[in-house]
Amino acid sequence: MIEATYKKGDRVRHPARPEWGIGSVTKIEVVTRDSTTDLRVWVRFPSVGEKTMLASVAGLETIDEQGFGSGIHTRPTVTDIDLAKGGGWLGAVSKQSADNIMTALPGEATDPFASHRKRFEFSTQLYRFDGSAARLVEWSVAQSGLDDPMARFNRQELEQLYKRFIFNLDAHVLKLLGELRREKPVIDQVLLTAPPLAVRTVRRLQGMLR
């Protein structure tokens, strides 16, 4: 059973790697594995070039002609907010500022229907954006939904917004650690594949809970 359908030329975003930007589907191939039909999709992203992935695993988010995505955890982008200033069906989000979008955590990190472990795993992976020059750009692409955030924000603005994002992320992870306090093996297991900044931050936050 094919989990998702795409066509050549579709614009898509990888939900687990939003820093890749919005890519274009260049090729689709039907494959069968373990008696299950799937799609192998080739996507060319602006920042990392062409990537090949299985549709059922990647869960690519399709972007419409206006640049709006569809998906359970899709949230407004900076472009959405800018367009909403003119009214229309996006008026409901027009009160949100671009700054709020840039400093908010992705829905997967706060999803109340996901397990504590799943939220913790996703949240720790956000620390791959460690604030270095290259990662700052990747983070800004992921947060803004723009292929070139520097056309919308200057570097100083991005650095300040990143600090606010990390502050929010630290507070969120501290809360999760409190909820996982009696599940230390789960925390340790997640940290085995977490970015270095996540490991250092979690250990520091754990110290605050003692």
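Since every read-out is calculated from the coordinates, none of them should be taken as a lab result. Since the structure is predicted, the reported quantities are computational estimates derived from the model, not experimental observations. Neighbour counts run over all protein chains shown; Cβ positions are idealised from the backbone, glycine included.
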#### Entry: Separation in nanometres of the label points that stand 7 Å from Cα toward Cβ, at Arg181 and Thr193
2.9
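Taking the highest mean first, how do the peptides 177-187, 15-25 order by number of other beta carbon atoms within 10 angstrom per residue?
15-25, 177-187
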#### Entry: For Lys27, residues with placed amide H under 5 Å, excluding near neighbours
Trp42
### Query
If the chain between Met53 and Met208 were fully stretched, how many nm would it gain, using 0.36 nm times the residue separation less the Cα-Cα distance?
51.7 nm
### Summary
For region 153-210, Rg(Cα) over 2.2 N^0.38 Å is 1.31
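Quick check on packing: order 99-109, 161-171 by the mean number of other C-beta atoms within 10 Å, highest mean leading.
99-109, 161-171
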### Query
Over all directions, what mean area does the Cα convex hull of region 98-209 project, stated in square nanometres?
7.0
